[in-house]
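Visitor: What follows is a structure written as structure tokens; I'll ask about it next.
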């Protein structure tokens, strides 16, 4: 938003400055050479250019087409004024000038340019060229301001502050392993558990003591 307002101020002041330069360039030849100067008529095209550049500063928000057309009219008026001023010395260079007084001047020839006319011509042309360039800068700012993309909303670059981590809870004591029942233990291969029957001890035969061999009694006498 601030960038757009700054560019708008730039183009407005550029057009107003260009209008002031055009007006000064039209007034100086008349102020230096007087109304009887042969380049005094340059104030008319320079005045038209100043008015057109002022309208550019006022109606710049109406669109590019209107502003460009007004600037084109101002440029044509300034160029016409410059050419009308320099047409006089060009004409004198081709046709010639009257001799210095008191000698008579033949018909169709003009007097040489005076110092005031030369000075006014130089200042007028300089201010007109400066006005053209300053007005073009304002037109450039106008086109550049309209072609800028809409700035994206600001993005937060600082990472958010993380919440403090809670202290770790103590590990739970492992539950005691359940006692395996001898009768309900299942094999690991997934077979159906079978009830364990108590095994009977192996039958052992008891050894009986051996009797001494039978001895027959001696015969009595």
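No lab work stands behind these numbers, since they all come straight from the coordinates. Here the structure is a predicted model, which is why all the values come from computation and not from measurement. Methodologically, a virtual Cβ is constructed for each residue, glycine included, from the backbone with ideal geometry; neighbour enumeration extends over all protein chains shown.
Visitor: Using packing as a proxy for protection, rank 73-79, 112-118, 58-64 so that the peptide with the highest average count of other Cβ atoms within 10 Å comes first.
Guide: Highest mean packing first, the order is 73-79, 112-118, 58-64.
Visitor: Here is a further query. What nm value, rounded to one decimal, do you get for the distance between residue 98 and residue 84 when each label is placed 7 Å out toward the C-beta?
Guide: Going from the residue 98 label point to the residue 84 one covers 2.3 nm.
Visitor: Which of the peptides 45-53, 133-141, 11-19 is most tightly packed, and how do the rest follow, going by the mean number of other Cβ atoms within 10 Å of each residue?
Guide: Listed from highest to lowest mean packing, they are 45-53, 11-19, 133-141.
Visitor: For the stretch 75-115, what is the Kirkwood hydrodynamic radius in Å, using each pair of distinct C-alpha atoms?
Guide: Hydrodynamic radius (Kirkwood, Cα pairs) of the stretch 75-115 is 11.6 Å.
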